[in-house]
Amino acid sequence: MRMDFIKKNWEKVLLGVVLVGLLIAVVGLPIKIAGEKDELQQIRVSITEIPVSEIEALDVSPVEATLVRTKQPVRLDLTTSNRVFNPVTWKRSPSGQLLRVNTGDEIGVRAVRVEGVSPLYLIVTLDSVLTSDSGDRYAIGVERQAAASKRGRVKRQSYAAVGEKNENFRLRAVQGPAEAPTSVELELSDTGQRISLSKDKPFTRVDGYMADLFYPPDSRKWTSRRVGDNVPIEREYYNIVAITEDEVVLSARSGKKTSLKFKPGI
């Protein structure tokens, strides 16, 4: 019976099945659409709402250092280290050795070395006592090692009684027995300084210095040079105008002065 019914009404049965399928599709379509929307929303969120981390600060110190360097002018040395326009000078020493002149200080007055400085003293001594009926007189010796002339450096002896004055001193007082004093007091004429001395204790004062100089390019030495002496350097004469315990000053004929430092032990 059922088979006959289906055979006779198969169009209706097929139509019913199709309608049921359409009904199911219609009912499931909103669910499907909602699911698709959720999936699309998740895709959109995953693309547009990516978590962003904070960007680290850029290190611009190399650029800043470069900018600082650009503000400093470039100094092109074409005279000392650069020899494009200034060829190197060579000097032959008396021994035949060649000396390269790089900075200019290898030859000339600035190449002179101060190898020693010695003090020059004023020395005042009580040498003897001359006793006579007319009064006691005292032999005083004066040696000026810093005098300009050789004659002025020779020790000179003069006799003086108390109160007398000469070109070097005034005898102010005598301590102890007149014929054998323990000390005498003098007033120096050049400075007005009062000094005391005895036979075994002379008075000394530094009045100047003399220097020993050496010029390496020519292996030349000048010893015991004083203020006023001349030294020949590279065909020019230099006058010594000042000497202290740590410096010698040379003056060229043009008046230009050069200071040479004395460094003991170097």
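None of the figures in this text is laboratory data; all of them are computed from the coordinates on show. Since the model is a prediction, treat every value here as computed from it, not as a measurement. Neighbour counts run over all protein chains shown; Cβ positions are idealised from the backbone, glycine included.
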- The residue from D218, D133 that alone is surrounded by 14 or more Cβ atoms within 10 Å (Cβ to Cβ) and either of a type outside the set (S, T, Y) or more than 47 Å from the chain's Cα centre (by Cα) (or both) is D218
- Sole miss for A148 among (1) of a type outside the set (F, W, Y); (2) assigned to a loop (DSSP other than H, G, I, E, B); (3) without any contact (Cβ under 8 Å) to a residue 40 or more places away in the chain; (4) loosely packed, with under 14 Cβ neighbours inside 10 Å is condition (3)
- Message: Among the residues in segment 140-148, are any over 46 Å from the mean Cα position of the chain (by Cα) and either of a type outside the set (K, R) or within 24 Å of T244 (Cβ to Cβ) (or both)?
- Response: yes
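Among the residues of segment 32-67, what is the count of those that are among the hydrophobic types (A, V, I, L, M, F, W, C) and in a helix (DSSP H, G or I)?
Qualifying residue count, segment 32-67: 9.
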- Item | Test: residue in segment 180-200 that is touching a Gly at 6+ places or on another chain (Cβ under 7 Å) and under 30 Å from K91 (Cα atoms) | no
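Any residue that is part of a strand (DSSP E or B), under 35 Å from the mean Cα position of the chain (by Cα) and among the hydroxyl-bearing types (S, T, Y) - is there at least one of those in segment 153-171? Even if it seems obvious, please write down each step before you answer.
Here is the first cut: in segment 153-171, the ones part of a strand (DSSP E or B) are 156-160, 165, 169-171.
Filter once more, so that each one left must be under 35 Å from the mean Cα position of the chain (by Cα): none.
No: zero hits.
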- Query: Between a first residue in segment 98-127 that is more than 30 Å from S158 (Cα to Cα) and a second residue that is assigned to a loop (DSSP other than H, G, I, E, B) and among the hydroxyl-bearing types (S, T, Y), which pairs have beta carbons less than 8 Å apart while being 6 or more apart in sequence or on different chains?
  - Reply: L99/S93; N102/T80; T103/T80; G104/T80
- Note on the structure: Out of (1) part of a strand (DSSP E or B); (2) β-branched (V, I, T); (3) in contact (Cβ under 8 Å) with a residue 12 or more places away in the chain, the one V249 does not meet is (3)
- Message: Regarding segment 221-230, can at least one residue be identified that is touching a helix residue (DSSP H, G or I) at 6+ places or on another chain (Cβ under 8 Å) and outside any strand (DSSP E or B)?
- Response: no
